[in-house]
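The values are calculated or read from the model by the stated rules, or taken from the named source; none is laboratory data. In this text the structure is predicted, and so the values were computed from the model without any measurement. Every residue, glycine as well, gets a Cβ built from its backbone with ideal geometry; the counts of neighbours run over all protein chains shown. Surface areas here come from the heavy atoms of the whole protein model, side chains and all, with no ligands, DNA or RNA. Shrake-Rupley method; radii C 1.70, N 1.55, O 1.52, S 1.80 Å.
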Amino acid sequence: PNFMPSTYEAEAIRRHQASQPRTYPVSSYTQDDWRRYLYAYYRLVERADREVGRLVGLLKESGMYDNSVIIFTSDHGDGAASHGWNHKWVMFEEVINVPLIIKAPKGTGVTGKRNSTALSNIGLDIFVTVCDYAGIPLDDSYKGRSYRSLVESGKQDLHEEVFVETLLNGINTRGW
């Protein structure tokens with residue numbers, strides 16, 4: 001539904017894209033080109049899913065699954081053709097909405113729950129979360145917040161706001 005660029009899109013976005021033709025070869029893509037792009041992209045997603053499935057299978061075979069914390073995430077989302085975009089640099093919702101799945105040890109987490117309102121910062125919060133589950137104390141210099149209470153009780157004590165910034169280096173402009 002949001003395949004086409006927005007009517008009110010910032011001019012800097014397409015100026016940046018035009019200044020980096022090797023990075024953004026999609027600027028002249030047709031709808032059929034985008035369909036092929038998405039086909040390839042979703043095959044890569046299927047490959048990642050298959051590999052995660054293999055890891056889960058190995059954990060189950062070894063008897064370690066029930067006691068394991070599994071965190072699946074990325075450093076950014078993907079344009080995936082929304083707004084005629086394929087890269088991570090522009091702050092479209094699809095790009096800043098980072099995938100995150102956490103499986104807590106058996107009996108400690110809220111299972112099958114989806115949360116689309118908790119604000120987090122993957123770059124800060126993952127490290128703190130891993131340390132929390134590992135029992136490693138951190139001092140106040142770490143600004144991230146552990147996902148553990150959210151995962152285990154549904155308590156949303158993460159961030160009230162999260163700021164995201166990017167550099168559109170093709171035109172030396174910042175976006176947020």
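Scanning segment 19-47 for residues that are among the charged types (D, E, K, R) and open to solvent by less than 70 Å² (accessible area, probe 1.4 Å) gives a single hit, ASP33. Can you name every one of the helices (runs of 4 or more DSSP H) wholly within segment 1-111 that holds 3 or more residues which are out of contact with any Leu (no Cβ under 6 Å at 6 or more places or on another chain) and under 24 Å from ILE122 (Cα atoms)? Per the criteria, 31-61, 93-96.
Pairing residues of segment 38-60 that are under 29 Å from HIS83 (Cβ atoms) with residues that are open to solvent by less than 80 Å² (accessible area, probe 1.4 Å), at Cβ distances under 7 Å and at least 6 apart in sequence or on separate chains, gives LEU38/ALA80; LEU38/ALA81; TYR41/ALA80; VAL52/PHE72. Scanning segment 132-166 for residues that are touching a residue at least 12 places away in the same chain (Cβ under 8 Å) and open to solvent by less than 80 Å² (accessible area, probe 1.4 Å) yields a count of 17. Test SER74 against the criterion of being under 30 Å from GLU152 (Cα atoms), of a type outside the set (Val, Ile, Thr), modelled with pLDDT of 85 or more and within 15 Å of the chain's Cα centre (by Cα), and give yes or no. Against the criterion (under 30 Å from GLU152 (Cα atoms), of a type outside the set (Val, Ile, Thr), modelled with pLDDT of 85 or more and within 15 Å of the chain's Cα centre (by Cα)), SER74 qualifies.
Step by step: first the residues of segment 77-95, then only those that are touching a Lys or Arg at 6+ places or on another chain (Cβ under 9 Å) and either open to solvent by 70 Å² or more (accessible area, probe 1.4 Å) or not small (Gly, Ala, Ser) (or both), then the one that is modelled with the lowest pLDDT. Which residue is that? The residue in question is ASP78.
Looking only at segment 89-106, residues that are in contact (Cβ under 8 Å) with a residue 40 or more places away in the chain and either of a type outside the set (A, V, I, L, M, F, W, C) or touching a Pro at 6+ places or on another chain (Cβ under 9 Å) (or both) come to 1 in all. Based on this model, can you work out whether PHE127 counts as within 30 Å of ARG22 (Cα to Cα) and of a type in the set (A, V, I, L, M, F, W, C)? In short, no. Contact map, segment 113-131: first residue more than 15 Å from PHE72 (Cβ to Cβ) and touching a residue at least 24 places away in the same chain (Cβ under 8 Å), second residue polar (S, T, N, Q) and open to solvent by less than 70 Å² (accessible area, probe 1.4 Å), Cβ cut-off under 7 Å, separation 6 or more or different chains; the map is empty. Taking ASP125, is it among the acidic types (Asp, Glu), in a helix (DSSP H, G or I), under 18 Å from the mean Cα position of the chain (by Cα) and modelled with pLDDT of 90 or more? Yes, satisfied.
So is LYS103 open to solvent by 30 Å² or more (accessible area, probe 1.4 Å), more than 25 Å from GLU165 (Cβ to Cβ) and under 20 Å from the mean Cα position of the chain (by Cα) or not? When the stated conditions are applied, LYS103 passes them.
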